[in-house]
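Novice: I am attaching a structure below and will ask some questions about it afterwards.
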Amino acid sequence: MQVEPSSSDSPVLDGPNIPVHVAFIMDGNGRWAQKQGLPRIAGHEYGVQCIQNVLETLEPMGVKFVTLYAFSTENWGRPQEEVDGIMDVFSEAVSSQTAALHEKNVRIVHVGKTENLHPDLRNAVAEAQRLTADNTGITMNVAFDYGGRAEILEAVRRIIIDGVDPDTIDEELFSRYLFTSHCPDPDLIIRTGGEQRISNFLLWQSAYSELYHTPTLWPDLDATELKQVVETFGSRRRRYGALNPEDQYPEDRSSEPQTPQQ
């Protein structure tokens with residue numbers, strides 16, 4: 001969905017060590033299914049069922065936004081049978097789970113393009129967004145047919161179409177033209193499945209995100225590990241390229257009291 005540029009304020013943290021926005025690269029569904037002796041599509045079916053558990057784990061901890069990398073612009077290159085199967089799985093999941101998520105006050109937002117989606121999925125996504133638009137609980141961004149480079153190019157095109165004065169373009173304005181203009185940048189990005197790359201995911205938004213890579217396959221990611229990851233995030237210092245007053249490099253310690261030599 002293309003979100004119109006807006007100037008909505010970012011939410012306030014519930015606590016200094018809680019990530020407001022957690023994003024997931026949901027990798028490992030196919031491998032999980034193969035380990036179970038099942039067809040790859042069964043892994044995608046099971047992986048979708050795990051999403052509610054993730055939301056139920058993170059929302060009580062104070063997380064306000066969750067972004068799920070469900071289908072990339074590059075995934076169209078997979079075998080057509082698998083692509084069609086994924087479309088069917090997500091169409092069914094959105095149709096069957098939206099009511100339950102709505103009852104839990106979850107807001108659903110599609111992040112990415114919609115024109116290439118199968119009609120059933122496109123319609124289900126539109127209805128899910130309409131139904132949950134005014135919900136005030138955790139926001140679930142579903143990145144389907146999403147690519148970071150494509151998003152940046154789309155933002156540039158829209159800025160040109162809108163005739164924006166080049167001298168007024170800064171990071172804040174540019175961010176309002178991204179698919180994620182309705183939410184803050186992710187504080188924490190979790191990739192399951194053991195791979196170490198970012199895979200064209202939230203390229204602009206992840207500039208200062210903390211990264212966590214786990215060999216755990218997406219369907220096996222449980223509440224225990226997820227809570228541990230969030231707790232680990234709380235112990236990290238995020239300097240955004242600056243130096244906190246309490247931090248000192250060795251060469252800056254000349255003012256510290258010296259211990260007399262014995």
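Novice: Amide H to amide H under 5 Å from L203: which residues, 5+ apart in sequence or cross-chain, H placed 1.01 Å off N in plane?
Specialist: Excluding prolines and chain starts, which carry no amide H, the hits are G148.
Novice: Quick one: Kirkwood hydrodynamic radius for the range 21-232, alpha-carbon pairs, angstrom, one decimal?
Specialist: Computed over Cα pairs of the range 21-232, the Kirkwood hydrodynamic radius comes out at 17.8 Å.
Novice: At 0.36 nm per residue, minus the direct Cα-Cα distance, what do K227 and W204 gain on full extension? Give it in nm, one decimal, please.
Specialist: 5.6 nm is the gain from fully extending K227 to W204.
Novice: Take K35, K113 and order them by how many other Cβ atoms sit within 10 Å, fewest up front.
Specialist: On the way: K35 13, K113 18.
So the ranking, lowest neighbour count to highest, is K35, K113.
Novice: Next question. Using Cβ counts within 10 Å as a stand-in for footprinting exposure, how do C50, C183 rank, fewest first?
Specialist: Fewest-to-most ranking of C50, C183: C50, C183.
Novice: Return W32, W204, W218 ranked ascending by Cβ neighbour count within 10 Å, so the fewest neighbours appear first. If you can, show how the numbers build up before the last one.
Specialist: On the way: W32 23, W204 16, W218 28.
Starting with the residue having the fewest Cβ neighbours, the order is W204, W32, W218.
Novice: Right, another one. Rounded if a/c is under 1.5, else prolate if a/b beats b/c, else oblate: with a ≥ b ≥ c from the C-alpha gyration tensor eigenvalues square-rooted, which is the range 166-221?
Specialist: Verdict is prolate for the range 166-221.
Novice: Please list the non-local residues whose amide H lies under 5 Å from the amide H of R107, H modeled 1.01 Å from N, same-chain partners needing a gap of 5 or more.
Specialist: Sorted by chain and number, the residues that satisfy this are G137, I138, T139, M140.
Novice: Now a separate question. Express in nm, to one decimal, how much length is gained between D167 and E81 on full extension, taking 0.36 nm for each residue of separation and deducting their alpha carbon distance. Provide the component values of the computation, followed by the final result.
Specialist: Details: separation 86, 0.36 × 86 = 30.96 nm, distance 4.79 nm.
So the chain would gain 26.2 nm between D167 and E81.
Novice: Karplus couplings for the range 192-203 from phi (6.51 cos²θ - 1.76 cosθ + 1.60, θ = phi - 60°), rounded to Hz, Gly and Pro as x?
Specialist: Result, ordered by residue: 8, x, x, 6, 9, 8, 8, 6, 6, 10, 6, 4 Hz.
Novice: Report, to one decimal in Å, the Kirkwood hydrodynamic radius for the range 23-122 based on all distinct Cα pairs.
Specialist: 14.6
Novice: Give me the extension gain from S235 to R197: residue separation times 0.36 nm, minus the current Cα-Cα distance, reported in nm with one decimal.
Specialist: 11.4 nm is the gain from fully extending S235 to R197.
Novice: Rounded to the nearest 0.05, what FRET efficiency do I160 and Q36 have when you use their Cβ-Cβ distance and R0 = 51 Å?
Specialist: The value I calculate is 0.55.
Novice: What is the distance in Å between the Cα centres of the range 162-198 and the range 94-135?
Specialist: 21
Novice: Can you figure out the FRET efficiency of S175 with T136, using R₀ = 22 Å and their beta-carbon distance, to the nearest 0.05?
Specialist: Efficiency at R0 = 22 Å is approximately 0.45.
Every read-out reported here was derived from the displayed coordinates using simple, explicitly stated rules and does not represent laboratory data. Note that the coordinates shown come from a computational prediction; the quantities given were computed from them, not determined experimentally. So basically every Cβ, Gly included, is an ideal-geometry build from the backbone, and we count neighbours across all protein chains shown.
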